[in-house]
Structure formats: structure tokens, C-alpha cells
Amino acid sequence: MSGLPAIYSFPPLYTRQPNGLIRRQQINSWIEIILQYCLSQKCWRMTAEGMPVGETDVIAQSIFHNSSIQRVVPQVFVDEIWCQMCEEGKALGVQDGKRDSNQFYILWRNLDSWASLILEWFESSGSLNQVVTIYELSQGDGTADWEFHGMPEPLIAHCLKPLCQRNRATLIKDERGIAVATKVV
């Protein structure tokens, strides 16, 4: 895989280290590798095994499998990495935000930062006090130059929650309870 840091080819990275301090640094390295990869590929979602989801996959294998050095991270350690990413707010389980999800949204920005960026778009586009669909935010021409363009719609709804908590936004839901639009004030 191209564009990954040199440590990605460091064989000990693929073996769970017994020393707690070293393991913490190792997990941090994996988190940075995942975030860097997802940001560079605009990959919003990964399986618990480390496969990109819903992309024209640039790689045909898990990020936790490095065939050039013939190393694979054991699934038990992969689960530990995902758990830490969720605790730090850098990953969010696709199934209602649960950590034991089979897929994770990857957050190279935290939810508050995404909320601020979306609010900035509403302010700069003159869309305050107007109903805008979640689809428009994700796929619309008006957001094409914004970092959140292409973000999955359920993740956009998660990113709007901090604005809702500050009474800056309201989510409009369909009959199934799925957010379909928002109004930001």
C-alpha cells in the first residue's frame, strides 16, 4: 500500500507487545496508520478486519495484512485497536455507534470538529434557517469542495448531533426514525 508511514513495514508492529507502555505506543501507531490511510483514500468506513467498505478498493486486502513483509495482525489485537479508537472518538461503530460492530466509521476529525466544519458550510453557503437534506450535504454539488463531501449519510447525522445539543440544528427524521434532513440556525 502506498502512502503509509515507514513503520507500517516494521515487523514487530504486527505482534501484540507484552509490555503495557510499548503496546500503548504500538496501538497509537496503528491508529495513526488507519487515520492516515483513510484520510488519503477518503475512506469513511472499514470492516472489523480492516477492509475498506464502499470504495473502489485501492487495496484488495486488510490494512492489518502486509504481504510485502508477510505479517498479519492477530484479530484479538485488531479488536483491541478498534476498542481504543472508539474510546478516543476516532472510530464509531456503524451499528448505532456500538464498539462491537462489524464495521466502523473512521473519524480523522472528532465529531465536534466535523460539526463545526458543517456549520461553517451552512454559514458560508447562506443555508442557515433552510432545510437541507442529509443527501445534499453528503453528495450535493454545493459541498463538493468541502472535506465532508462523500461522507456516508448516517455519519453526517452523527456529526450533526453536537449542533443539535447546542440548539443550533434540528434533525428531521422519516417514519423509520432515520435522519433525512436538517435545519441549522
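Brief remarks follow.
- Filter pass, Glu32 being surrounded by fewer than 19 Cβ atoms within 10 Å (Cβ to Cβ) and either modelled with pLDDT of 95 or more or under 22 Å from Gly150 (Cα atoms) (or both): yes
- Unmet requirement for Phe77, which otherwise passes all of (1) in the same structural domain as Pro12 (by TED's automatic domain parsing); (2) surrounded by fewer than 16 Cβ atoms within 10 Å (Cβ to Cβ); (3) not acidic (Asp, Glu): (2)
- Meets criteria (more than 18 Å from Arg168 (Cα to Cα), modelled with pLDDT of 95 or more and not charged (D, E, K, R)) for Leu107: yes
- Being of a type in the set (Asp, Glu) and under 18 Å from Met46 (Cα atoms) is a property that does not hold for Glu123.
- All positions within region 54-71 that are hydrophobic (A, V, I, L, M, F, W, C), at pLDDT 70 or above and surrounded by fewer than 17 Cβ atoms within 10 Å (Cβ to Cβ): Ile69
- Unmet requirement for Ser113, which otherwise passes all of (1) buried (at least 16 other Cβ atoms within 10 Å of the Cβ); (2) at pLDDT 95 or above; (3) polar (S, T, N, Q): (1)
- Residues being part of a helix (DSSP H, G or I) and among the basic types (Lys, Arg) - total across region 1-43: 2
- Scanning region 73-115 for residues that are touching a helix residue (DSSP H, G or I) at 6+ places or on another chain (Cβ under 8 Å), without any contact (Cβ under 8 Å) to a residue 40 or more places away in the chain and over 18 Å from Met51 (Cα atoms) yields Gly89, Arg109.
- Pick from region 125-166, criterion over 19 Å from the mean Cα position of the chain (by Cα) and within 13 Å of Val180 (Cβ to Cβ), ranking: surrounded by the most Cβ atoms within 10 Å (Cβ to Cβ): Val132
The values are calculated or read from the model by the stated rules, or taken from the named source; none is laboratory data. On a predicted model such as this, the values are computed, not experimentally measured, just so you know. With ideal geometry, Cβ positions are generated from the backbone for all residues, glycine too; neighbour counts draw on all protein chains shown.
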